[in-house]
Amino acid sequence: MEIRVDLERIKRDILTLAKIGRRESDRGIYRMAFTDADIQGKQWLTQQIEQADLVASTDGAMNISGELPGTSDAPRVLVGSHIDTVPCAGALDGTLGVVVGLECLRTLRENGFQPERTLELIAFSDEEGRFGGMFGSQAVCGQLNPQSLETTTDMNGVLLREELARHGHDALAALDAARVPESIAAYIELHIEQGPVLDRTKKAVGVVDEITGLFTWAVTLRGEANHAGTTPMEMRNDAFMGLADFAHEIPRILEENGSERSRTTIGKVQILPGATNTVPGLVEFSLDVRDTSEVVLEELGAAFRKALSAIARRRNLMFEFAQKSYLRPVACHDAIVQLLMNQASELGLDHLRMPSGAAHDAQIMGSMVPVGMIFVPSKNGQSHSPAEWTAWSDIEAGANLMLQTLVQLSSATN
Ligand SMILES: [Zn+2]
């Protein structure tokens, strides 16, 4: 099919949505989940869906959908992402995936294209995590429970239930958003890469094959706080030195137990009591470990534990850790990866098969249905900031790849 997306409409939609929740002081967008700005964004999206002559709906998790009905009742194809943002966000992130999905369905509708499978645009609620993250996609996959809906709060102690009630919405209705896997043939998402790889390698699009899994730990090393002048070096139980030893071992552990897709970060450290003239008695730090293989993640976990215990023994420290989160890696569906690669070649796009180092709604959806992801380059690898940007030509390339892929996926015989 020779149809193409209209880049001018994508531009207009991105720039319009960028005004919703934008603060003039720092030019950042503040459209965190279920704030007034987020609800305004959802309303704007619903209007666009209606104006495009698609069937608009909102489910119990306040996910916004727009349907291009299929001619058969074969399982449908979902395309989307999220329009909520982190505080002080840029204009693209999940918003781009939603706007591109809208433009694809709008273009197909205008061209009189009749899909066999229903094509559904979906904008998931709270992907970014004001209330934990991936709320809308977890709701669709039936992963929420009544207790968490009653008790979940944001960082400031605002209850999810009360925030939803403020907009006339019952939190427990999110349970009704669950769908059966048999109703969905595939979920496909376009997203900015949020890393430097495509930009550095000058590729227009990336085809994601695996989405990284991760675990995070809160680690504590406990020694003894003592006077920095009167305590001889060999008589110290210096908790910070334990952390320093550990940090040094990370490259070795990754080399021995990790893969080239492994990442480990100590992003947050607290040294106590935190005085210039006191030997640190306690350090608390975060450990963020990622890989696209569950087996590798397990091996890394074991190796980090072993290294920490050895260091604690050597330095006379106590070592404790608590796992704070765990997200399973998800492989994109082979046939969809192949389809995306083929379509990219046919469109003459310079493309790269690559992993996703960030978590996305596709990861949650991938636990239930076949998923695929398209990446477009992030300028200088920047994201979650007003500096986040992607060249319009790359956005157009990614959108046309999405359009052709949807045409293929919408055939019920595929
Ligand atoms: Zn996102």
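The values are calculated or read from the model by the stated rules, or taken from the named source; none is laboratory data. Since the model is a prediction, treat every value here as computed from it, not as a measurement. Note that each Cβ is placed from the backbone with ideal geometry, even for glycine, and that neighbours are counted across all protein chains shown.
Which one of these is in a loop (DSSP other than H, G, I, E, B), polar (S, T, N, Q) and either farther than 25 Å from residue 91 by Cβ or not assigned by TED's automatic domain parsing to the domain that holds residue 184 (or both): 413, 390?
Of the residues listed, the single one that is in a loop (DSSP other than H, G, I, E, B), polar (S, T, N, Q) and either farther than 25 Å from residue 91 by Cβ or not assigned by TED's automatic domain parsing to the domain that holds residue 184 (or both) is 413.
Residue 199 - would you say it is in a helix (DSSP H, G or I) and more than 16 Å from the ligand (Cβ to nearest atom)?
Details: in a helix (DSSP H, G or I): yes; more than 16 Å from the ligand (Cβ to nearest atom): yes.
The answer is yes for residue 199.
Report yes if residue 128 is assigned to a loop (DSSP other than H, G, I, E, B), touching an Asp or Glu at 6+ places or on another chain (Cβ under 7 Å), in the same structural domain as residue 387 (by TED's automatic domain parsing) and within 25 Å of residue 15 (Cα to Cα), otherwise no. Full working, then the answer.
Working: assigned to a loop (DSSP other than H, G, I, E, B): yes; touching an Asp or Glu at 6+ places or on another chain (Cβ under 7 Å): yes; in the same structural domain as residue 387 (by TED's automatic domain parsing): yes; within 25 Å of residue 15 (Cα to Cα): yes.
Judged against the criteria, residue 128 is a match.
Looking at 339, 308, which one is assigned to a helix (DSSP H, G or I) and not assigned by TED's automatic domain parsing to the domain that holds residue 396?
308
Quick one: in the stretch 270-295, which of the residues that are touching a residue at least 60 places away in the same chain (Cβ under 8 Å) and surrounded by fewer than 16 Cβ atoms within 10 Å (Cβ to Cβ) is nearest to residue 225 (Cα to Cα)?
So, considering only residues that are touching a residue at least 60 places away in the same chain (Cβ under 8 Å) and surrounded by fewer than 16 Cβ atoms within 10 Å (Cβ to Cβ), the one nearest to residue 225 (Cα to Cα) is 286.
Yes or no: the stretch 215-227 includes at least one residue that is at pLDDT below 95 and among the aliphatic types (A, V, I, L, M).
yes
Out of all the residues in the stretch 24-50, which are part of a helix (DSSP H, G or I) and either in contact (Cβ under 8 Å) with a residue 40 or more places away in the chain or not assigned by TED's automatic domain parsing to the domain that holds residue 173 (or both)? First the steps, then the outcome.
Residues of the stretch 24-50 that are part of a helix (DSSP H, G or I), as a first pass: 36-50.
Correct list: 38, 39, 41, 42, 45, 48, 49.
Test each condition in (1) farther than 20 Å from residue 94 by Cβ; (2) aromatic (Phe, Trp, Tyr); (3) in a loop (DSSP other than H, G, I, E, B) for residue 326 and report the one that comes out false.
In the conditions (1) farther than 20 Å from residue 94 by Cβ; (2) aromatic (Phe, Trp, Tyr); (3) in a loop (DSSP other than H, G, I, E, B), residue 326 misses (3) alone.
Quick check: is even one residue across the stretch 202-209 surrounded by fewer than 20 Cβ atoms within 10 Å (Cβ to Cβ), farther than 30 Å from residue 349 by Cα and either assigned by TED's automatic domain parsing to the domain that holds residue 336 or modelled with pLDDT under 95 (or both)?
Checked against the condition, which is being surrounded by fewer than 20 Cβ atoms within 10 Å (Cβ to Cβ), farther than 30 Å from residue 349 by Cα and either assigned by TED's automatic domain parsing to the domain that holds residue 336 or modelled with pLDDT under 95 (or both), the stretch 202-209 yields no hits at all.
Name the residue, out of 53, 73, that is surrounded by fewer than 24 Cβ atoms within 10 Å (Cβ to Cβ) and either in contact (Cβ under 8 Å) with a residue 40 or more places away in the chain or outside any loop (DSSP other than H, G, I, E, B) (or both). Write out each step before concluding.
Working: 73 fails: either in contact (Cβ under 8 Å) with a residue 40 or more places away in the chain or outside any loop (DSSP other than H, G, I, E, B) (or both).
Going through 53, 73 in turn, just one is surrounded by fewer than 24 Cβ atoms within 10 Å (Cβ to Cβ) and either in contact (Cβ under 8 Å) with a residue 40 or more places away in the chain or outside any loop (DSSP other than H, G, I, E, B) (or both): 53.
Answer yes or no: is there a residue in the stretch 255-269 that is in a helix (DSSP H, G or I) and loosely packed, with under 13 Cβ neighbours inside 10 Å.
The initial filter retains those residues of the stretch 255-269 that are in a helix (DSSP H, G or I), namely 255-257.
With loosely packed, with under 13 Cβ neighbours inside 10 Å added as a condition, the list becomes 255-256.
Yes, the stretch 255-269 has at least one match.
Taking the stretch 76-110 as the search range and keeping residues that are in contact with a Gly (Cβ under 9 Å, 6 or more places away or on another chain) and β-branched (Val, Ile, Thr), which one is farthest from the ligand (Cβ to nearest atom)?
77
Looking at the stretch 354-366, can you tell me whether even one residue there is within 15 Å of the ligand (Cβ to nearest atom), in a strand (DSSP E or B) and surrounded by 23 or more Cβ atoms within 10 Å (Cβ to Cβ)?
yes
Tell me, which residue of the stretch 155-193 that is under 23 Å from the mean Cα position of the chain (by Cα), touching a residue at least 40 places away in the same chain (Cβ under 8 Å) and under 17 Å from residue 32 (Cα atoms) is surrounded by the fewest Cβ atoms within 10 Å (Cβ to Cβ)?
Going through the qualifying residues, I end up with 163.
State all residues of the stretch 287-305 that are in a strand (DSSP E or B) and either among the charged types (D, E, K, R) or modelled with pLDDT under 95 (or both); if no residue qualifies, say none.
So in the stretch 287-305, the residues in a strand (DSSP E or B) come out as 287-291.
Residues satisfying the conditions are 288, 290, 291.
Please work out which one of (1) in contact with a Gly (Cβ under 8 Å, 6 or more places away or on another chain); (2) not assigned by TED's automatic domain parsing to the domain that holds residue 398 is the condition residue 55 fails and give its number.
Only one criterion is unmet by residue 55, namely (2).
Just one of the numbered conditions (1) within 16 Å of the ligand (Cβ to nearest atom); (2) of a type in the set (Asp, Glu); (3) part of a loop (DSSP other than H, G, I, E, B) is not true of residue 189; which one?
The single condition residue 189 does not satisfy is (3).
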